[in-house]
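Inspection log for the structure reproduced underneath, given as structure tokens.
Derivation of every value follows stated rules applied to the coordinates shown; laboratory data play no part. Keep in mind the model is a prediction, meaning the values are calculated, not measured. Cβ sites come from the backbone with ideal geometry, for glycine too, and all protein chains shown count toward neighbours.
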Amino acid sequence: MIRQSDTSVVYYVEDDDNIRELTVYALHQAGIEAVGFRDDAEFSVACEDRIPDAVLLDIMLPGTDGLTILKRLRKTPGLSHVPIMMLTAKDTELDTVRALDEGADDYLAKPFGMMEMVSRVRALLRRAGMSKEDHEPQCLTVGPLMLWPSKREVTLDGKELSLTMREFDLLEFLMRSPGEVFSREVLLQRVWGWEFDGGSRTVDVHVQQLRAKLGDHADLIETVRGVGYRMKG
């Protein structure tokens, strides 16, 4: 039976023993409980016993690959909303978009720095367990788009939208200040919790994914050339 726990734990699926052990060690040194698994079989058994608070997945795995695991998790009750970051040697834009489209919340290409990895894992855990203030609005509304922060639900024209954790966070941030323009740097800092290092493709990819899910209402998220993005006021 799947159970919850009072303490946070991160699961990492990686078949390379050295990378897996080094990553788990770095997380432990940072005060984050983490458990590593060689393959999907070990990982699945652990998930049956305890729900992780975040999952790190390699794409190239023996047997069941990371993208297949990702798709399964997004359809599994109790696990569907667990934040997932892909840690993989594949760093092409196509692989990034494919992973995000399948429901990944973040993406980090190998070789990665341990400090950056720890920072991103902390950001995932922070957002996954973020408590909401009592005075928060029950619902944010922009045209036909409605978002409930406390329930983490979004509807468009009355139909529920399926968003990744990061897509939801980005949409919520923009909807809280309709008409206000935010640069990519600000969005990276406020939504992702990262310091801007010159790369803003992550923001652009997530905006593209959101617009695709908004369909005919994609223009609710406006591009301000040379500046960034805003939610239509």
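Placing unit charges on C-beta atoms (Lys and Arg positive, Asp and Glu negative, everything else neutral), compute the dipole magnitude of the chain about its Cα centre in debye, rounded to 20.
600 debye
Taking chymotrypsin sites (Phe, Trp or Tyr not before Pro) that fall in a DSSP loop and have at most 16 other Cβ atoms within 10 Å as cut points, what is the longest piece of the chain between them?
Excluding the exposed sites themselves, the longest stretch runs over 1-111.
Of all the stretches in the chain, which is the longest one without any exposed loop site, taking GluC sites (Glu not before Pro) in a DSSP loop (any state but H, G, I, E, B) with at most 15 other Cβ atoms within 10 Å?
In short, 34-132.
Projecting each Cα onto the charge dipole of the chain (Lys/Arg +1, Asp/Glu -1 at the beta carbon, about the Cα centre), which of Gly193, Val55, Ser8 comes out farthest on the positive side?
Of the listed residues, the answer is Gly193.
Round to the nearest 10 and give me the degree value, 0 to 90, for the angle of helix 114-128's Cα axis relative to the longest principal axis of the chain.
Once rounded, the angle reads 60 degrees.
When only DSSP loop residues count, what trypsin sites (Lys or Arg not before Pro) in the stretch 1-91 have their Cβ near at most 11 other Cβ atoms within 10 Å?
Hits after loop and neighbour filter: Arg3, Lys75.
Which translational diffusion coefficient, to the nearest whole µm²/s, is obtained for the stretch 18-175 from the Stokes-Einstein equation, given a Kirkwood hydrodynamic radius over C-alpha pairs, 25 °C and 0.890 mPa s?
For the chosen part, D equals 146 µm²/s.
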